[in-house]
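See structure below.
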Amino acid sequence: MKSKEIREKFLEFYKKKDHAQIPSAPLVPDKDSTLLFVNSGMFPLVPYLLGEEHPEGKRLVNYQKCFRSDDIEEIGDMRHTTFFEMLGNWSLGDYFKEEQLKWAFEFFVDELGLDPGRLYVSVHRGNPDTGIERDKDSVRIWKNIFKKRGVEAKDVDFAEKEGMKGGRIFYYPDKENWWSRAGVPENMPPGEPGGPDSEVFYDLGEDLGHHKRSPFKDNPCHINCDCGRFIEIGNSVFIEFIKKENGFEKLPKQNVDFGGGLERLAMITQGKTSIFEADIFLPIIKEIEKLSSCNYRDMVRSFEIIADHIKAATFILGDERGVTPSNKEQGYFVRRLIRRAIRHGRQLDITSDRWLSAVAERVVEVYKDIYPEIEKNADHIYENLEKEGSEFQRTLKKGLKEFHKLNEKKEISGEEAAFLYQTYGFPIELTEEMALERGQGVDKEGFYREMEKHKELSREYSAGSFKSGLGENNDETIKLHTATHLLLASLRKILGSDVYQEGSNITSERLRFDFSFDRKITEEEKKRVEELVNEMIKKDLLVKKEEMKLDDALEVGALASFREKYPSKVWVYSIHDEKGDVYSKEICTGPHVKRTSELGKFSIKKEEACSSGVRRIKAVLL
Ligand code: SER
């Protein structure tokens, strides 16, 4: 069954059950709420899961483009990707476990034709520490479902230790069977919704001999074992809890969030054992075979990394909220994806000009009917791939030479890693990966310390005149500094999240703020930005300061200006609006005022071009 047909069948199946189809949200979220990328179908629906009414009703269905950077290390195992599409259906306080599990099963078996004897399921074991009970309801429902199809369905606990013992329904702890955007209960911040879930797995067959060859061979094989025999194809989350300061409370309504990975369903219905051989990836793999004259099956890892990374980069660059490669946030992820793909291109001896675009063209071809934005933004995609590609290709060869010189060492030092980064543009993750391939470590902490040292050096040289844009600290400059954060957040609200800080300079009299944007802003936009800043000032909002690890800060979407100059621990300043939503969140050394009302009245004096693609605003506080 073609992937297009699977998508359509899913939508039709749920539309017949009164679900309204909603569009895929952009990959880049609109507010920097928690993550840099939409990582699941439920992400854009959080307000509705918390109780807000959705304009389309209580039953929704869609497909959603997702990006998960956490899975970047898994690529090469034939079943993981960073970019994927999630088929989703939701009940917002409408149906619950009974209907959901029955329908998910019907879709797999009756619509896609999967053999029920090859399906296995997991349920939540319960956790005395959080007070969440074992999910007996789901067990009862699953037993009935399987019984109707004549499939024996025993429930078994501790399969991870004791093996499957002929079971069909398995209990697992939070790590496997609890879902929230933040993961397990301990990682959820107060206010975050989540709940136990029940996953469906497909058995690819024991005869593949996965388990015996896998790193898990010393433990019994079970459905969550990762040896490759079982593959998860869908997850029904029962979002009925909200995290509070002291544990969990029930949400006012019981919700369902189902997500199923389209690529995996395509692989199974097309009788393949690698998602990269399903129709959704095959033209891309074929193109790489053509460019490299190697075979996919001989060089699985490099092929999958290139195919996945160029696909993901195509979608991120071509998103409705399009991104450009840079040293910060989403832009930094695209840069990393492209650079890593280029390095694996070398492994495959790909030498042709414009090969990144050639691969991206296949991606656009496969997806343009479903995600028209990537065809619309195709020029932006190819241009940036080539620009970023040719820059890195220039330095890569020399960088690799330097890297090979370090061959004899047990560990690459922080200084050496910093040198590779600063001189040849090797992201730390790339150095780590290449070092690991030859059994070598990298002193990552040392790398960050080194970066910090450079920051200190440059700070000394510039006599403190550019860090945070503050030349001197007095009451006026501190107020203007907080005003700068409100200005950036408001510019991003009005002009879009492509706007980033490019520079800042503050004196006692005025702020000067440079930001990325490619045209003059209109009088109307200027007025709205000014009004927004003043509104936030009037609301007397608290300016919160937290210490965070750099990676964590970036992960929660704190804005950064010069990523490479930050130390491994940073301050994050955030301003939340009266509803508690993040209005501004930036990595910054401060200082700032305590509350926004201290600023007075904000007024933009001038808006002008600064350099190509960069605008400059001068503003004062009255
Ligand atoms: N949110 C769940 C997941 O991503 C189900 O959609 O797996």
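For the range 539-622, the list of GluC sites (Glu not before Pro) that fall in a loop by DSSP and count at most 11 other C-beta atoms within 10 angstrom reads GLU578.
Counting every alpha-carbon pair across the chain, the share separated by more than 30 Å comes to 59%.
May I ask you to give the average projected area over all directions of the convex hull of the Cα atoms of the range 369-451, in nm² rounded to one decimal? Could the numbers behind the result be given before it?
On the way: hull surface 28.6 nm².
So the Cα hull casts an average projection of 7.2 nm².
Using only the Cα atoms of the range 109-263, build the gyration tensor, take square roots of its eigenvalues as a ≥ b ≥ c, and label the shape rounded, prolate or oblate: rounded if a/c is under 1.5, else prolate if a/b is larger than b/c, else oblate. Prolate is the answer for the range 109-263, as a/c is 1.5 or above and a/b outweighs b/c. Considering every alpha-carbon pair of the range 310-360, the percent of pairs per 10 Å bin, from zero through the bin containing the longest distance, is 26, 52, 21, 1. Evaluating 6.51 cos²θ - 1.76 cosθ + 1.60 at θ = phi - 60° for every residue in the range 316-322, the Karplus couplings come out as 6, 5, x, 5, 4, 9, x Hz, glycine and proline recorded as x.
The C-alpha atoms of the chain define a longest principal axis, and helix 414-424 lies at about 80 degrees to it. Annotation note: GluC sites (Glu not before Pro) in the range 403-443 located in DSSP loop regions with a Cβ neighbour count of at most 13 within 10 Å are GLU408. Treating the range 243-311 as a set of equal point scatterers at the Cα positions, no solvent, please give the Debye-formula log₁₀ I(q)/I(0) at q = 0.20 Å⁻¹. Those come out to -0.81, one per q.
Counting every Cα pair in the range 261-409, what percent are over 18 Å apart? It would help to have the intermediate numbers written out before the result.
Values: 6383 of 11026 pairs.
The calculated P(r) of the range 261-409 puts 58 percent of pairs beyond 18 Å.
Compared with the dominant principal axis of the Cα atoms in the chain, helix 523-538 is inclined by about 80°.
What trypsin sites (Lys or Arg not before Pro) does the range 295-383 have in DSSP loop regions with at most 16 other beta carbons within 10 Å? Show your work: numbers first, answer last.
On the way: sites: ARG297, ARG301, LYS311, ARG321, LYS328, ARG335, ARG336, ARG339, ARG340, ARG343, ARG346, ARG354, ARG362, LYS368, LYS376; in loops: ARG321, LYS328, ARG354, LYS368.
Those that pass, being in a loop and sparsely packed, are ARG321, ARG354, LYS368.
Taking every pair of distinct Cα atoms and averaging 1/r, then inverting, what Kirkwood hydrodynamic radius in Å comes out for the range 1-152?
On the way: mean 1/r = 0.0567 Å⁻¹.
For the range 1-152, the Kirkwood estimate is 17.6 Å.
Taking a ≥ b ≥ c as the square roots of the eigenvalues of the Cα gyration tensor of the range 50-89, is the shape rounded (a/c under 1.5), prolate (a/b larger than b/c) or oblate?
Numbers: a/c = 4.50, a/b = 2.78, b/c = 1.62.
Prolate.
In the chain, the DSSP-assigned H stretches of four residues or longer account for a calculated mean residue ellipticity at 222 nm of -11500 deg cm²/dmol, using -39500 (n - 2.57) per stretch and the full residue count as denominator. Taking Cα atoms only, the orientation of helix 428-437 departs from the longest principal axis of the chain by about 40 degrees.
By count of other Cβ within 10 Å, fewest leading, how are ARG512, ARG118 ordered? Walk me through the numbers before you get to the answer.
Working: ARG512 19, ARG118 16.
Going from sparsest to densest Cβ surroundings: ARG118, ARG512.
Rounded, prolate or oblate for the range 469-622? Axes are the square roots of the Cα gyration tensor eigenvalues, ordered a ≥ b ≥ c, and the cut-off for rounded is a/c under 1.5. Could the numbers behind the result be given before it?
Working: a/c = 1.37, a/b = 1.18, b/c = 1.17.
It is rounded, given that a/c, with a ≥ b ≥ c, falls under 1.5.
Here, each number is a calculation from the coordinates, and none is a lab measurement. Small disclaimer: the values here were computed from a predicted structure and weren't measured. Don't worry about glycine lacking a Cβ; one is built from the backbone with ideal geometry, like all the others, and counts go over all protein chains shown.
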